[in-house]
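A quick write-up on the structure given underneath.
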Amino acid sequence: MQTESLKHFAKGLLRSYSQVFFTDNIGLAIPLLLVSFIDLPTGICGLIAVIVANGSATLIGFDEFRIDKGMYGFNSLLVGLGLGNGFHFSPEIIAVVIIASLLTLLITIAIEGFLGKYYLPFLSLPFVFAIWTALLASRLLTSLEISARGVYLLNDIFRAGGHQFIAIHSWWTNSIVSPFVNNYLLSLGSIFFQFNFIAGVVVAIALLVYSRIAFTLSIIGYTVAYFAYGALGVNIETLGYGFIGFNFILTSIALGGYFYIPDKRSYFWAIVITPIIALVTVGMFGVFSVYGLPVYSLPFNLVVLMFIYSFRFRMKAGKLHEVIYQQGSPEKNLYSFASHTSRFPREGFIPIYLPFHGEWSIAQGHNGQHTHKGEWANAWDFIIVDQNGEQYLGNGQATSDYFCFSKNVIAPADGHIVEVVDGIDDNSIGDANLVNNWGNTIVIKHSEYLYTKLSHLKKDSITIKNGEFMKRGQLIGRVGNSGRSPYPHLHFQVQATPHIGSKTIKYPISSYVSNGKSIEPFGYPMENEMVSSINSAPIISKAFHLIPGMRLIWTLENGTKVEWEVFTNTLNKSYIYCSQTKSVAWFENSEAFFAFTEFTGSKKSLLFSFYKAAYRVPLTYIEGYEVNDLLPINRTFSGGLLFLQDFFAPAKFFLNASFKGTLEFNGSQIDPSEAIFSSTITKSAFGKQLNECNSTIKISTNLEIELIDNDSNTKCVCELL
C-alpha cells in the first residue's frame, strides 16, 4: 500500500511539470523536470514547491485524481521556479517557497471553485497571483537577496554543464545568429525560468516528441507574435527575456490544439488571437512595470478565458469544436473526435423510432408529391404492401381490404401524451374529410421542442389519454382512414411545438432496416423505401449484452487465462477493463450494433485484439449485409507514418484504417447453433493499401466466444460469467 502511494505521489509530481503544457504525459514531464535543473537553485525550489503543494493537497483530502494528474502542483511549481530564479539560494528563500506554494494551493482551489461554475479552467492564474504576493512581500523581507544569476550567463551555463555546455553555447552563438530562432528558444526556456537556448532546445525537442501539433502551434504562436511586435515597434528581445514570449506559445497551443479540436479553424483563431495577446501584453507591461511586477502569464490567462467563455454564446456553434473529453494530446483529441463524429453523427439526439412493427413502405416521404409541402414537408406516410407492391386485397374498395388498416401503432419513443383527438369517422375509400384535416391524432412530447404526431388513426382505436406517460413500443392506437386521407395510411411527423397542425422539423428516424438489406443507425426514409424495426438475433445480442459486474475469462491455446471485467462510470459510459495489462476498451450497445468507441492501453494485449475484431458488430441478421466503419488512425498506425500524419492532421488525413465485417449463422436461421462474425481491417496510405488484418469471432448457443486474430496469431475461448 505504501509503495502504491509513493508511485501515485511520484506520478503527481512529474505530471505537475507536463501540466504546464496542459497534459499529464509523463514522457514530456521528465525532460521538463531536467530542464528546470539547468539552473540548480531554480530547479530545487520548483521541486520543493511541487512536493509541498501535492503533499498538502493529499493531507487536506483534496481530489486524489486531480492530485495524481498534477492539477494542483503545476502552479506551485511555477511559483517555486520563479522565486528560485529571482532570489539568492538560501534557507530563507526555501521558507518563502514553502509558504508561497501553500498559498498557491489555496488560491488554486478557490479559483477552481469559482471558474468551475462556468466550466472554465483555472490555467496559471494562481501562479500569477501567488508570485505577485511573494514579490511584493519580499520588499520587506530584508533577509532575501535578489539573485545575480542571469547577469553572468556564461557562469550560469558553466555551473549547469561545465566546459561542455560552454563549448555548445559558443558554437551556437557563433553559428545561429537569427534573433527569430534564439528568441523562440529563449521563450520556451523562460516557461521554466531558464533563460538560455539549451533549455529552449530541450523543451522544443520534448514538445516535438510529445505532440507534433503542439510543437507546430508553438512556432505559429511565436511567429505571429514576432511579426506583431515588429509591427507595433516593440523591442523583439522582450519576447525572450521579459517572461512574455511564452504567452503567445501557450495561447496558441491552448486554443489551437488543446481546448479546441485542432483543425484549420482552430489554427485560424490561434493566429487571430496572437496579435490581441501582443496588444494586451504591451498594455499590461506598461501598467505593472510601475509597481515593479512582471506580467508573467496574465495576458495568456485573461485572453484564453475570455475566448472560451465568449465563444460559448455563439448562436450557431459552427465547426470550431470545444474538446469535451481530453484524450491526453492534441493528436488524440483530433483522431478520437474525427472517428467518433463519423461513426456516431447523431450522438446526443433523442432517438425517434418507427411507430409500428413489421415491414412497411413509404407512400410519401419528405417533400412529397401530394400533401407534404411547405411547412409540412418533413413527414412520412406509411403503408403495407405485398410482394407485388399492392397495398390492398381484391379491388380495394373497402378500408378493410388495405393491409395496414387497423394495424397497431406504437409510441416511437418515451414521452407524455399532450394531445388526443378521437371519434372522427373513417372515410370511405377515395373520400377525404377536409374539415378535420388530420383526423384522429396523437401528439407525444419527448422533450422540450421535440414532439411526434401520428394522424389518420382509426376511430375509437386510441387507447391512451392526455397526460399519460408512454414507454417506447407501447400500443397507442390503430391505423385508420380519418381526416384528409383517401386511403388507409399512417401519417408520422416530428415537430417542435405540441399543437396539431404544427409545422414539421427535419429529424431522423433511428435504428431501422432499409429494404431488408442494410441497417441504418439514423436516416430519412424516402418514397417507396421499405423499412422495418430491427429484430435482434438472440445468439449474438446476448453474447454482447455486457453489463456492469460481468466477468469475461479467456483461455488461450497454451492454457493461460486472461480475465476482464465490465464497468460503468459516473457518466454511464461502459467499458471493459483488463487488470493484467491495465487496458480499457469503451463500448456502446444499441439495438442495431455493439460498437467499441475508444481504447487505451497495450496494443499487444488480448483486449486490443478483441477491440479490433468486434469494432462494430450487427446485432441482427441480414443476409449478405456488410458492416463498414473507420478506426482512429492512431490506434492502427505507429512510427514514421503516424509521426508525419500528425503534422498534417489538422488539415488533411492521408492515412486510413477501414473496418469491414460480415455476420453468418450456422443451423436454422430462426434458431441458429452458431454465429460467425468475420472482420477485416485494411490500412492504407495516400490511397494505396498497405496491409490487412483478419479476425473471426465464433459464438455458440451456450454463449461461448472464440476469438481468432490472424494478425497476432491469437486463438482463445471466452466464458461469460
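We did not get these values from a lab; they are worked out from the coordinates using the rules stated. Not measured: the values here are computed from a predicted model. Using ideal geometry, Cβ is built from the backbone for each residue, glycine included, and neighbour counts are taken over all protein chains shown.
What is the gain in length, in nm to one decimal, between L690 and K542 on full extension, counting 0.36 nm per residue of separation less the C-alpha to C-alpha distance? Provide the component values of the computation, followed by the final result.
Working: separation 148, 0.36 × 148 = 53.28 nm, distance 3.56 nm.
Answer, rounded to one decimal: 49.7 nm.
Evaluate the distance, in nm, between pseudo-label points positioned 7 Å from the Cα of L393 and of V717 along their respective Cα→Cβ axes.
Each label point lies 7 Å from its Cα, and together they span 5.2 nm.
Quote the FRET efficiency, to the nearest 0.05, computed for D671 versus N628 with a Förster distance R0 of 25 Å and r equal to the Cβ-Cβ distance.
Values: r = 29 Å, r/R0 = 1.14.
Computed FRET efficiency for D671 and N628 comes out at 0.30.
Apply the Karplus curve 6.51 cos²θ - 1.76 cosθ + 1.60, θ = phi - 60°, to the phi angles in segment 390-397 and return the couplings in whole Hz, x for Gly and Pro.
Result, rounded to whole Hz: 7, 9, 8, 8, x, 9, x, 8.
Please give the FRET efficiency for L475 paired with F653, using the beta carbon to beta carbon distance and R0 = 60 Å, rounded to the nearest 0.05. Display every interim value, and only then the final one.
Values: r = 48 Å, r/R0 = 0.80.
After rounding, the FRET efficiency stands at 0.80.
When ranked by the protection proxy of mean other Cβ atoms within 10 Å per residue, highest first, what sequence do the peptides 200-207, 100-107 form? Mind showing how you got there, number by number?
Details: 200-207: 20.6, 100-107: 22.9.
In decreasing order of mean packing, 200-207, 100-107 become 100-107, 200-207.
Hey, how many Å between the Cα centroid of segment 88-119 and the Cα centroid of segment 509-538?
Cα centroid of segment 88-119 versus Cα centroid of segment 509-538: 58 Å apart.
May I ask which residue of T223, I51, Q326 lies farthest towards the positive end of the charge dipole of the chain, with charges of +1 (Lys, Arg) and -1 (Asp, Glu) on Cβ and the Cα centre as origin?
Going by the charge dipole, the pick is T223.
Each label point is 7 Å from the Cα along the Cα-to-Cβ direction; what then is the distance between the points at I30 and L232, in nm?
Using points 7 Å along Cα→Cβ, the separation is 3.9 nm.
Can you give me the convex hull volume of the Cα atoms of segment 568-613, divided per residue and expressed in Å³? Could the numbers behind the result be given before it?
Working: hull volume 3.3 nm³, N = 46.
For segment 568-613, the hull spanned by Cα atoms encloses 71 Å³ per residue.
If you average the sequence gap of Cα pairs under 8 Å that are 6 or more apart and divide by the length of the chain, what percent do you get for the contact order?
Relative CO of the chain lands at 8 percent.
Sketch the reach of a paramagnetic label on R346 as a point 7 Å from Cα along Cα-to-Cβ, and name the residues of segment 452-484 whose backbone nitrogen lies under 18 Å away.
Answer for this model: 452-454, 472-473.
Explain nothing, just the number: relative contact order of segment 1-150, from Cα pairs under 8 Å at least 6 residues apart, as a whole percent. Write down the numbers at each step before the final one.
Details: 211 pairs, mean separation 34.9, N = 150.
For segment 1-150, the relative contact order is 23 percent.
Please check which bits of segment 350-366 a label hung off M526 would reach, taking the label as a point 7 Å along Cα-to-C-beta and the cut-off as backbone N under 15 Å.
Within reach of a label on M526: 362-366.
Extension gain E145-Q369, at 0.36 nm per residue separation less the Cα-Cα distance, in nm? Please report the intermediate quantities before stating the final value.
Working: separation 224, 0.36 × 224 = 80.64 nm, distance 8.70 nm.
Value of the extension gain: 71.9 nm.
Can you compute the helix-only [θ] at 222 nm over the chain? Use -39500 (n - 2.57) per DSSP H run of at least 4 residues, normalise by all residues, nearest 500 deg cm²/dmol. Let's see the in-between values first.
Details: 20 runs with 271 residues, N = 721.
The helix-only estimate for the chain comes to -12000 deg cm²/dmol at 222 nm.
Where does each of E64, E527 land when they are ranked from fewest to most other beta-carbon atoms within 10 angstrom? Could the numbers behind the result be given before it?
Details: E64 12, E527 16.
Fewest-to-most Cβ neighbours within 10 Å comes out as E64, E527.
Suppose a student asked you for the relative contact order of segment 538-720, using Cα pairs under 8 Å spaced at least 6 residues apart; what percent would you report? Walk me through the numbers before you get to the answer.
Working: 380 pairs, mean separation 34.0, N = 183.
Relative contact order here is 19 percent.
How would you order 41-50, 451-460, 221-230 from highest to lowest mean count of nearby Cβ atoms within 10 Å? Mind showing how you got there, number by number?
Details: 41-50: 25.2, 451-460: 22.9, 221-230: 20.5.
Result, highest mean first: 41-50, 451-460, 221-230.
Taking amide H positions as placed 1.01 Å from N in the peptide plane, with prolines and chain starts having none, which residues 5 or more places from G483, or on another chain, fall under 5 Å of its amide H?
Under 5 Å from the amide H of G483: N427, N433, G439, N440.
At a Förster radius of 45 Å, what calculated FRET efficiency corresponds to the Cβ-Cβ distance of N535 and N437, to the nearest 0.05? Numbers along the way, then the final one.
Details: r = 35 Å, r/R0 = 0.78.
So the FRET efficiency works out to roughly 0.80.
Based only on Cα atoms, what mean projected area does the convex hull of segment 534-672 have, in nm²? Intermediate results must be reported in sequence, preceding the final value.
Values: hull surface 44.4 nm².
Computing the convex hull of the Cα atoms and averaging its projections yields 11.1 nm².
Please rank Y611, Y524, Y118, fewest neighbouring Cβ atoms within 10 Å first, as an exposure proxy.
On the way: Y611 24, Y524 15, Y118 10.
Going from least to most buried by this count: Y118, Y524, Y611.
Once label points are set 7 Å from the Cα along Cα→Cβ at both S579 and I324, what is their separation, rounded to one decimal in nm?
Distance between the two pseudo-spin positions: 3.2 nm.
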